[in-house]
Every structure is written in structure tokens, then in C-alpha cells.
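Student: Got a structure here, written out as C-alpha cells. Questions coming.
Derivation of every value follows stated rules applied to the coordinates shown; laboratory data play no part. As the structure is a computational prediction, the values presented were derived from the model and not from experiment. When we count neighbours, we look across all protein chains shown, and the Cβ atoms used for this are built from the backbone with ideal geometry, even at glycine.
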Amino acid sequence: MVQDLIDELGRLPGVGPKSAQRIAFHVLQADPADVRRLAQVLTEVKARVRFCEVCGNVAEEERCRVCRDPRRDTTVICVVEESKDVVAIERTREFRGRYHVLGGAISPMEGVGPDDLRVKELLGRLSDGEVTEIIIATDPNLEGEATATYLARLLHPLGLRVTRLASGLPVGGDLEYADEVTLGRAFVGRRSLDA
């Protein structure tokens, strides 16, 4: 039975065999009330949380918190791969527009093409002409770049401003530790310093 718990925990993303074993033994040593509370929260989340009918973000109602907020800028949509990306961007408190969650990225190796993502839904949101800019915020990896390139080619003929999040060196990083791709993007994306 303990091995079953370890196996199930090991199926979670980012949890390797050793972490799964540590978590399992922590659960065994935890107060029964804490374990019941965790089980209850997991069950409730699975039962109550759904995906927003507009943007595809996680929501407890038909529409997510962002889509229900009348103060958000409806002319700008930030396209992300997953709901966790919305959480990361919201933490910055820099973006005041709306989101569109694709549900993944184009990955031919894994059999994921544009038709497997929420691209048609994005195009549907653009039909009323209110949106003027699409910010593509896919991951800076091979799949994210492929998705960004596909979306840019699809959206440019619509007359929209299509932008991509900048990429390059992290704040507080050292040049000597940057990989070639990151350093190369930092040179390409450099900006003018006005005195």
C-alpha cells in the first residue's frame, strides 16, 4: 500500500522517485487531520475547478477572475501555454490585459499540432475587432518558439500588432554563466539607454 502511494506521487510532474518516497513517508507521519484536509482539498479542487469559457484559464465559475474583471484592458490579449503561466505573469502586476491559454505548445515529436491547441478559440475572440495587440508569451524553448512563429504568421494578416516577450539575461545573473542561446538573444533584444 505504501508503494502504491509512492508510485502515485511519482506520477506527479516534477516529483521524482526520491521525492515521492519522502512525501509518502511524510504523509504517513503527519497528523490524520492534516491528511484528511489534504485529501478533501484535492477532491474539492477536482470537483469545482473548471476552465474559463472565454480564455481557458482555471476558474471556479463559467468565467475566470480575469475575464470577469471590468478594469482589464480588453484590447490586449496575452497568449500563454498553460494556466500556470497566467499565475506567473499576474505575480508581476505588470500586465493589465486579458489572457488566452492555449493548453500546450506545438510539439511534432509528441504529436501535438495547432489543431490540438485552443487556436480556433483565439481566432474567435478576435472576430469583433476590439483586440489590437496579441502578446505571445510561450516558453522560450523549441516548442514555444514553434508555437510563437505559427501564431505570428497566422495573426499578422489580421492587421494586429503581434509582439513576443523579450528574452535574454536574468537580472542578477553573470555573463560567464549564460548559455550561448540566452546570450545571443540578449544581443538581439538589446535596447537603447537614453541618458
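Student: Region 118-195: which trypsin sites (Lys or Arg not before Pro) are DSSP loop and have at most 15 other beta-carbon atoms within 10 angstrom? Walk me through the numbers before you get to the answer.
Tutor: Working: sites: Arg118, Lys120, Arg125, Arg153, Arg161, Arg164, Arg185, Arg190, Arg191; in loops: Arg118, Arg190, Arg191.
Passing both the DSSP loop test and the Cβ count: Arg190, Arg191.
Student: Excluding Lys18 itself, calculate the net charge of residues whose Cβ lies under 15 Å from the Cβ of Lys18, where each Lys or Arg counts +1 and each Asp or Glu counts -1. Can you show the working numbers first?
Tutor: Details: positive: Arg11, Arg22; negative: Asp7.
Charge balance in the 15 Å sphere: +1.
Student: Hey, can you grab everything whose amide H is under 5 Å from the amide H of Arg72? Only 5+ residues off in sequence or another chain; H modelled, so Pro and N-termini drop out.
Tutor: Sorted by chain and number, the residues that satisfy this come to none at all.
Student: Mind checking which aspartates and glutamates have their C-alpha under 14 Å from Lys120, skipping anything on the same chain fewer than 8 residues away?
Tutor: Glu53
Student: Kindly identify region 6-46 as rounded, prolate or oblate by the Cα gyration tensor criterion: order the square roots of the eigenvalues as a ≥ b ≥ c, call it rounded if a/c is under 1.5, otherwise compare a/b with b/c, prolate if a/b is larger, else oblate. Mind showing how you got there, number by number?
Tutor: Working: a/c = 3.32, a/b = 1.30, b/c = 2.55.
Oblate is the answer for region 6-46, as a/c is 1.5 or above yet b/c matches or exceeds a/b.
Student: To the nearest µm²/s, what D does Stokes-Einstein give for the chain at 37 °C and 0.692 mPa s, using the Kirkwood radius over alpha carbon pairs as Rh? Please report the intermediate quantities before stating the final value.
Tutor: Working: Rh = 19.8 Å.
Answer, rounded: 166 µm²/s.
Student: Okay, moving on. How many angstrom lie between the Cα centre of region 1-41 and the Cα centre of region 56-78?
Tutor: Taking the Cα centre of each part, region 1-41 and region 56-78 sit 34 Å apart.
Student: Take every DSSP beta bridge whose two residues both sit in the chain, then give the antiparallel share in percent to the nearest 5.
Tutor: Working: 3 of 15 bridges.
Restricted to the chain, the bridges split so that about 20 percent are antiparallel.
Student: Mind checking region 1-93 for GluC sites (Glu not before Pro) that DSSP puts in a loop (not H, G, I, E or B) and that have at most 15 other Cβ atoms within 10 Å?
Tutor: Working: sites: Glu8, Glu44, Glu53, Glu60, Glu61, Glu62, Glu81, Glu82, Glu90; in loops: Glu53, Glu60, Glu61, Glu62, Glu81, Glu82.
Those that pass, being in a loop and sparsely packed, are Glu53, Glu60, Glu61, Glu62.
Student: Taking a ≥ b ≥ c as the square roots of the eigenvalues of the Cα gyration tensor of region 79-141, is the shape rounded (a/c under 1.5), prolate (a/b larger than b/c) or oblate? Kindly include the intermediate steps, with their values, before the conclusion.
Tutor: Details: a/c = 2.50, a/b = 1.19, b/c = 2.11.
Oblate shape, in that a/c is at least 1.5 and b/c is the bigger or equal ratio.
Student: Using a Gaussian network for the chain with springs between C-alpha atoms less than 10 Å apart, which of these wobbles most: Ala24, Ala105, Ala166?
Tutor: Ala24
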